[in-house]
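A short write-up of the structure that comes next.
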Amino acid sequence: MIAVGLDIGSLAAKGILLDGERQFRVIIPTGWSPRKAGEQLLDSLREQAGGAEDIRIVVTGYGRVSYQGADQAVTEISCHARGVVALLPKTDTIVDIGGQDSKVIRLNDAGKVIDFVMNDKCAAGTGRFLEVTANALGIDVDDMAASEDVSQEAAISSMCTVFAESEIIGLLASGVAKGSIIAGLHRSVGKRVAAMVRRLGVGEYIAFTGGVALNRGICRALSEELGRPVQVTDFCQFTGALGAALLAKDMG
Ligand code: ADP
């Protein structure tokens, strides 16, 4: 039996196929149709695996309601928990920052979800905040971490994405270096998300997932704000898809 997990996010659609020891993964932009993105992911995974019969599919992510080709749709909370427990079994706190939301999930010793908080109302503390601010700086979001100057961190007072954008334009006009502004932006996201973590209580083993975990500057700022190391795996953006694939595998 082949297990497939699809995580159709607001910006990026991720898929993982598990076939015994073989594992394939694919990521594409979600685009305007989550249903189409799901179909494309499955086609691409099938092609990589050289065809696939007897497939179980679990879908998650914001687009899960639009995709009808799965055996089961499961919440992102459950899928992230399942994925993280497989990758980092000691984890008791998951911080997930995606394109348009951020969440914190607490797990018990058995890896079961005991509580969570989610911010999906405001772009502050999400990938969207970083994309808008990177755009104001004229750089690519993927290059933010490499361009930050932590030795001269600028103070960014606006948490709100719209105000932060104007604040950046003002800082640039007054001669503040881009690297300093970027370090300040990373701090701003770190503070915002750390406050969410504190609402549930800071655990011992913190895993950072979602596409924004690829930004080492945010990992550093978050870890400093929490006073604990923050673990990031190569699978950070694929954690939900991996969890979905493992749940599909459990279906036997
Ligand atoms: P969603 O599931 O909501 O689509 P993801 O967890 O896939 O979100 O994360 C998407 C976010 O990750 C985007 O805001 C994007 O800017 C950010 N991201 C993706 N790759 C990188 C990277 N290499 N460096 C920094 N940020 C990244």
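Bear in mind that the values in this text are calculations on the coordinates, not laboratory data. The structure displayed is predicted, hence computed values, not measured ones. Glycine also receives a Cβ, built like all others from the backbone with ideal geometry; neighbour counts cover every protein chain displayed.
A DSSP coil position with no more than 12 other Cβ atoms inside 10 Å describes the following GluC sites (Glu not before Pro) in the range 12-73: Glu21, Glu53. Amide hydrogen proximity for Ala154: with H placed 1.01 Å from N in the peptide plane, the residues at 5 or more positions away or on another chain lying under 5 Å are Ile181, Ala183, Gly184. Apply the a/c threshold of 1.5 to the C-alpha gyration tensor of the range 180-252 and tell me whether it is rounded, prolate or oblate. Judged from the Cα gyration tensor, the range 180-252 comes out prolate (a/c at least 1.5, a/b above b/c). Please give the residues of the range 139-181, grouped as numeric ranges, whose backbone N is less than 11 Å from a label point set 7 Å along the Cα-to-Cβ vector of Lys121. No residue qualifies, since no backbone N sits under 11 Å from the label point.
Taking Cα atoms only, the orientation of helix 178-200 departs from the longest principal axis of the chain by about 60 degrees. For the pair the range 1-77 and the range 91-107, the centres of their Cα atoms are 21 angstrom apart.
Would any residue of the range 24-46 have its amide N under 20 Å from a label point 7 Å out along Cα→Cβ of Gln68? List them or say none. Taking a point 7 Å out along Cα→Cβ of Gln68, the residues of the range 24-46 whose backbone N falls under 20 Å are 32-43.
The long axis of helix 161-173 is offset from the longest Cα principal axis of the chain by roughly 40 degrees. Counting only alpha carbon atoms, the long axis of helix 76-87 and the longest principal axis of the chain meet at about 80°. Where a ≥ b ≥ c are the square roots of the eigenvalues of the C-alpha gyration tensor, would you call the range 1-116 rounded, which needs a/c under 1.5, or, failing that, prolate if a/b is larger than b/c, or oblate? Judged from the Cα gyration tensor, the range 1-116 comes out oblate (a/c at least 1.5, b/c at or above a/b). Taking other Cβ atoms within 10 Å as a rough exposure proxy, Ile55, Ile181 sort from fewest to most as Ile55, Ile181. Go through Lys191/Lys249; Lys14/Lys121; Lys14/Lys103 and tell me which ones have a Cα-Cα distance over 30 Å in this structure. From Lys191/Lys249; Lys14/Lys121; Lys14/Lys103, over 30 Å: Lys191/Lys249. Going by neighbour counts of Cβ atoms within 10 Å, the residues Lys249, Lys103, Lys14 line up, fewest first, as Lys249, Lys103, Lys14. Look at the dipole of the range 104-252 built from charges on Cβ: of Leu246, Gly184, Val132, the Cα furthest out on the positive end belongs to Leu246.
So for the chain, Kirkwood radius off the Cα pairs, Stokes-Einstein at 4 °C and 1.567 mPa s: how many µm² s⁻¹? D, rounded to a whole number, is 70 µm²/s.
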